[in-house]
Amino acid sequence: MATIELRQVEKRFGDLQAVKPMDLTIHDGEFVVLLGPSGCGKTTTLRMISGLETVTGGTILLDGRNVTWLHPSERDIAFVFQFFALYPHMTVRQNIAFPLQAQGESHEAIEKRVDEVVELLEIGHLLDMRPGKLSGGDQQRVALARALVRRPAAFLMDEPLGALDADFRETMRAEIKRLHIVQNATTVYVTHDQVEAMAMADRIVVMSEAEIQQVGTPAEVYHKPANLFVARFIGSPGMNLVRGHYADGVVHMPGADNHYSVPPDWRRVLDETFGGEGEVIVGFRPEAAIVSDEGTLAGQVYASDLHGAYTMLHVNMNEHDIIHIRSDRLVLHPIGTPVRFDINPEMVRFFDPRTEKAISREVGQ
Amino acid sequence: MASFVETGPQAPVTEAIRVDKVSPRSRLTRTVRALIVIIVTFIGLIPVFVMGITAFKSRADVVAVPPKLVFKPTLEGFVYLLTERAVLTQDRLAEAQAHIDELNWMQRIALENGQEITGPSDYVFRLKNSAIIAGVSTIVSVGLGLLAAYAFSRFDVPGKGDLLFFILSTRMLPAVVVTIPLFLMYRQLKLHDTHLGMILLYTVFNLSLSVWLLKGFIDEIPREYEEAALVDGYTRLQAFFKIVLPQALTGVAATTVFSLIFAWNEYAFALMLTSERARTAPPSIATMLGRGGIEWSAIAAGSLGFLIPVVIVTFALRRYLLRGVTFGAIRQ
């Protein structure tokens, strides 16, 4: 297996900067998800790693070997496409054997290896069928088998679940994760679905506007978003972001008497950042808000959706600021009624509206 | 039937029945449509039918007025078409009749008209020329067209649009307009009346068709297939032959038929640019009109025989053609 290293890799199409110079190291056996909205450059990055797209600048190392200008066939990587790209004129068996034939292996060796992979993915009954006759999930399994068969140094997957039905995605997601654990293969996985990214990744690379916004574990990206984009993009709904005025340890939020007392350990940091007072954005996840009659913050219920295990309250703090609160499903909050809440001091985050970046508690940042 | 629409199915529905296929009005439209197709087909086939029966008529039956629909079929026309004959004198005729058992069927037919066969006619030779020229030029133009179409479809060829238009523009002038410059050029280059000259000409003429047609087909094959092959360890060329080509077969078949039909049927260039060695069949059928009275049955036999290869190829590739003509050809 392999380490993939990108050094100042960039891609330009004419005047359009598709990927701004980026550095990224993907460790041996790691499952890294490139996550971002469409057009953010994540697929282009993946294609540059595979060699299907040439780089405009920078260096790509595979296990220390410079592969920047190597042909895709010389990189020893496997690519799983969104629409599977199974060769329609070949049977499933021929499809799976195809990469091995390129290496000129003996007939017996190919047969043996195909059988191993087929057993791993439990697709033995499909071998003599044409891809066109298979269901989406089975096509996906065959595509995975074709990628696995060669034991490549790394797997690159471009939205491999995007073409599947919603209820089937969950099954295949687990299956890909299981394969990754069994094979322990370095995997780079592209998706725009943050749920998928959270569920599968060892590390998530959040991309937007052709550059990396944050690299971190799913928990880091979720709880400690590096900037406003990540805070909004991760989670459904995203993080609540309420703008207010900070002064003397209190954030004055919109609404008549919404004065939020900043937790003591944040106070010094905010004082330093703003030099006493300034505009700040308070961020908290829907589950970080705690509804209680003694809550210091107030709003009006704008809408409430029952999600089965919990209720999502949409609370209007004033005309424009609607925040989401995850509340007990058993307590009813009729529309229009006032509601009071607190923010869990462990889970509150602050952002500087001037830089759109998160304010960090850690010293030296 | 109306009751079906109102009450719904009375028994389990085992196959889908679309209401528009059940309603009496649409059934009437279908009948009318089928009738029109039959009539048009019938009108279209009359010349072929007349040609067909004329080929099997004797010299007397051909010129009979009104035309005979019932007659004694003979292969006279084919014998006249394929052989050179000489008229026999009285004593040689008697001699030949004495040895009639030793003659083959062609010689016997000639003998009935008091002639003996002296050798194959020019037509046999020219049919062979037609086959060589049409066959080679079709293979070359489809082969080159396929590679060019692939390049235009997949790569950022500089000036792609202009090049494609230039290729198309070679087809814009009618043949008659370019024959004279071509004639002069070919004389200079010593390509006049050579197989090579005709093959080159037909190849170039067909290339525009094959590039455009095949580009449409290749555009429809998703790039991912080749990309998958590339990362699976194949070179671009291997990916082309193993992945793209098998999927483009429909287009290749359709293009082959169109190219072959053009090269096989072409008349104007062949008439101007060939005389003896490389003359193809179409102009030589026409010249038969002029020699010693019009041999209608021979002309009909020649035309009929000339149609057959095209029919065979089209029929052999018909599976691809229906899809081929509607797909690809329409795009862009």
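The values are calculated or read from the model by the stated rules, or taken from the named source; none is laboratory data. Because the structure is a prediction, the values reported are computed rather than measured. Reconstructed Cβ throughout: ideal geometry from the backbone, glycine too, with neighbour counts over all protein chains shown.
Observations, loosely collected:
The rows are residues; the columns are (1) touching a residue at least 40 places away in the same chain (Cβ under 8 Å); (2) surrounded by 10 or more Cβ atoms within 10 Å (Cβ to Cβ).
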site	(1), (2)
B:G161	no, no
B:I167	yes, yes
B:V178	no, yes
B:L184	no, yes
B:Q188	no, no
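Residue-wise test of (1) modelled with pLDDT of 90 or more; (2) crowded, with 23+ Cβ neighbours inside 10 Å; (3) touching a Phe, Trp or Tyr at 6+ places or on another chain (Cβ under 7 Å).
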{"residue": "A:R7", "(1), (2), (3)": "yes, no, no"}
{"residue": "A:K11", "(1), (2), (3)": "yes, yes, no"}
{"residue": "A:D15", "(1), (2), (3)": "no, no, no"}
{"residue": "A:T25", "(1), (2), (3)": "yes, no, no"}
{"residue": "A:I49", "(1), (2), (3)": "yes, yes, no"}
{"residue": "A:T56", "(1), (2), (3)": "yes, no, no"}
{"residue": "A:H71", "(1), (2), (3)": "yes, no, no"}
{"residue": "A:R93", "(1), (2), (3)": "yes, no, no"}
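- Residues of the range A:136-191 that are among the charged types (D, E, K, R) and within 13 Å of chain B (Cβ to nearest Cβ): A:R146, A:R150, A:R151, A:D158, A:E159.
Matching residues to (1) of a type in the set (G, A, S); (2) within 13 Å of chain A (Cβ to nearest Cβ); (3) in a helix (DSSP H, G or I); (4) more than 21 Å from B:A151 (Cβ to Cβ):
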| site | (1), (2), (3), (4) |
| --- | --- |
| B:Y234 | no, yes, no, no |
| B:L237 | no, yes, yes, no |
| B:L245 | no, yes, yes, no |
| B:T250 | no, yes, yes, no |
| B:M272 | no, no, yes, yes |
| B:P283 | no, no, yes, yes |
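- Complete set of residues in the range A:42-71 that are outside any strand (DSSP E or B), of a type outside the set (D, E, K, R) and away from chain B (no Cβ under 14 Å): A:T45, A:V55, A:T56, A:G64, A:T68, A:W69
- Apart from one condition, A:H89 fits all of (1) modelled with pLDDT under 90; (2) within 30 Å of A:M198 (Cβ to Cβ); (3) touching a helix residue (DSSP H, G or I) at 6+ places or on another chain (Cβ under 9 Å); the exception is (2).
- Residue identified as in contact with a strand residue (DSSP E or B) (Cβ under 6 Å, 6 or more places away or on another chain) and at pLDDT below 90 among A:Q82, A:Q103: A:Q82
- Filter result for the condition that a residue is closer than 25 Å to A:A199 by Cα, in the same structural domain as A:N184 (by TED's automatic domain parsing) and without any contact (Cβ under 8 Å) to a residue 24 or more places away in the chain, over A:G29, A:G39, A:G14: A:G39
- The residues of the range A:72-81 that are more than 8 Å from chain B (Cβ to nearest Cβ) and either within 11 Å of B:A229 (Cβ to Cβ) or part of a loop (DSSP other than H, G, I, E, B) (or both) amount to a single one, A:D76.
- The one condition in (1) under 21 Å from A:S50 (Cβ atoms); (2) more than 10 Å from the chain's Cα centre (by Cα) that A:T191 fails to fulfil: (2)
- Of all residues in the range B:218-232, exactly one satisfies the criterion of being buried (at least 21 other Cβ atoms within 10 Å of the Cβ) and more than 14 Å from chain A (Cβ to nearest Cβ), namely B:I218.
- Members of the range A:122-140 found to be free of Cβ contacts under 8 Å to residues at least 40 places away in the same chain and closer than 19 Å to A:Y189 by Cβ, listed by number: A:G136, A:G137
- Taking the range A:141-162 as the range and being touching a residue at least 60 places away in the same chain (Cβ under 8 Å) and part of a helix (DSSP H, G or I) as the test, the residues that pass are A:A143, A:L144, A:R146, A:A147, A:L148.
- Qualifying residue in the range A:299-317 (condition: part of a loop (DSSP other than H, G, I, E, B), without any contact (Cβ under 8 Å) to a residue 40 or more places away in the chain and surrounded by 15 or more Cβ atoms within 10 Å (Cβ to Cβ)): yes
- Condition check for B:I109: over 30 Å from the mean Cα position of the chain (by Cα) and under 25 Å from B:I294 (Cα atoms): yes
- Tally of residues being more than 8 Å from chain B (Cβ to nearest Cβ) and either among the small types (G, A, S) or not in a loop (DSSP other than H, G, I, E, B) (or both) across the range A:82-93: 2
- Scan of the range B:233-272 for residues that are of a type in the set (D, E, K, R) and either crowded, with 22+ Cβ neighbours inside 10 Å or closer than 21 Å to B:L304 by Cα (or both), ordered by number: B:E266
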